[in-house]
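The values are calculated or read from the model by the stated rules, or taken from the named source; none is laboratory data. On a predicted model such as this, the values are computed, not experimentally measured, just so you know. We place every Cβ from the backbone using ideal geometry, glycine too, and count neighbours over all the protein chains shown. Calculation scope for accessible area: heavy atoms of the full protein, side chains included, ligands and nucleic acids excluded. Shrake-Rupley method; radii C 1.70, N 1.55, O 1.52, S 1.80 Å.
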Amino acid sequence: MESLMTLVSVLAPMFLGFFIRLPKPYLALVDKMLVVLVYAVLLLIGVSLSRVENLGSQLHTIVLTTLLLFACTIGMNLLALMWFDRRFPWQAKGSGQKANVSLSGSAKQLGCVALGFVFGKLMADVWLPSENLGMYCLMALVLLIGIQLNGSGVSLRQVLVNKRGVQTATIMMASSLAGGLVFAALNEDVSWLKGLALASGFGWYSLSGLVMTEAYGAVWGSIMLLNDLGREFFALVFIPMLMRRHPSAAVGVGGATSLDFTLPVIQSSGGLAAVPLAISFGFIVNVAAPFLMVVFSSFG
């Protein structure tokens, strides 16, 4: 029953958001609220991490596990998507251009988690927010994501008509899940369902960190958060390098962030021709990620 409630709590707000259409002036407010909620979620993940006993002794495990998970998922993504680009070439106009890469956003997000951790340690004996607050913030976050996707002006038909976007999303998600299975095979304490859950974040760090915290505890939530933030760092650095010969891989490594945070880098290095591919890909991944994460973590 608890797993079913988690599934409904995360997925219902997103689908509800798909049916809420707001006037364009209000969509800017939705964007601002999303930024606030993302930072709130990151703060709460930091607070949850501060509650873990003997965290210092587990830091080594957290770092090594994150590196292994990252290597498995990103490695499988690159193998599959680069093969796809070689087997079915597609050239983005303007590919190979230099792109302005800024890692400051990712650094701020890590800093936000650290701030939440410090707050949790300092306020441990005074006051800490309810552990249920994270789930409430998550529900609000996915509701706004649904509204944002609805108001993006991109119809489901436009998403599905972009054949390359659908193919890239399918290959990226399948290869990520394969990477999760490899990770589970290499870690005897991880079941295959848990491995699939950990591989289903697809770069959506604010959602994945909290879902894994709810499902497996703050340590695994932190591993998931660092893994998906690592994907964002990796994408910002390597998208311009990959775009010339492997455009699908360039878009795919960004995962869910290709619809927002890494989209400017995709556009500047791949030209306008790469934007429809990124939007179609990102839309599909953003819809699939919460569903897969919650299903696998609820039953695994």
Sole miss for LEU78 among (1) modelled with pLDDT of 85 or more; (2) farther than 20 Å from LEU263 by Cα; (3) surrounded by 11 or more Cβ atoms within 10 Å (Cβ to Cβ) is condition (2)
By residue number, the members of the stretch 198-218 that are modelled with pLDDT of 90 or more, among the aliphatic types (A, V, I, L, M) and closer than 17 Å to GLY134 by Cβ are MET212
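Filter the stretch 290-300 for residues that are open to solvent by 10 Å² or more (accessible area, probe 1.4 Å) and not small (Gly, Ala, Ser); which is farthest from the chain's Cα centre (by Cα)? Give the derivation first.
The initial filter retains those residues of the stretch 290-300 that are open to solvent by 10 Å² or more (accessible area, probe 1.4 Å), namely 291-292, 295-300.
Then keep just the ones that are not small (Gly, Ala, Ser); that gives 291-292, 295-296, 299.
Values: PHE291: 12, LEU292: 12, VAL295: 16, PHE296: 15, PHE299: 20 Å.
Across the stretch 290-300, the extreme among qualifying residues is PHE299.
Yes/no matrix, rows are residues, columns are (1) at pLDDT 85 or above; (2) open to solvent by less than 20 Å² (accessible area, probe 1.4 Å); (3) under 29 Å from PRO247 (Cα atoms); (4) among the aromatic types (Phe, Trp, Tyr):
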{"site": "GLY94", "(1), (2), (3), (4)": "no, no, yes, no"}
{"site": "TRP127", "(1), (2), (3), (4)": "no, no, no, yes"}
{"site": "GLY134", "(1), (2), (3), (4)": "no, yes, no, no"}
{"site": "LEU138", "(1), (2), (3), (4)": "no, yes, no, no"}
{"site": "ASN150", "(1), (2), (3), (4)": "no, no, yes, no"}
{"site": "ARG157", "(1), (2), (3), (4)": "no, no, yes, no"}
{"site": "THR168", "(1), (2), (3), (4)": "yes, yes, yes, no"}
Those residues of the stretch 241-279 that are in contact (Cβ under 8 Å) with a residue 60 or more places away in the chain and among the charged types (D, E, K, R) come to a total of 2
Within the stretch 188-200, the count of residues that are assigned to a loop (DSSP other than H, G, I, E, B), buried (at least 24 other Cβ atoms within 10 Å of the Cβ) and of a type in the set (A, V, I, L, M, F, W, C) comes to 1
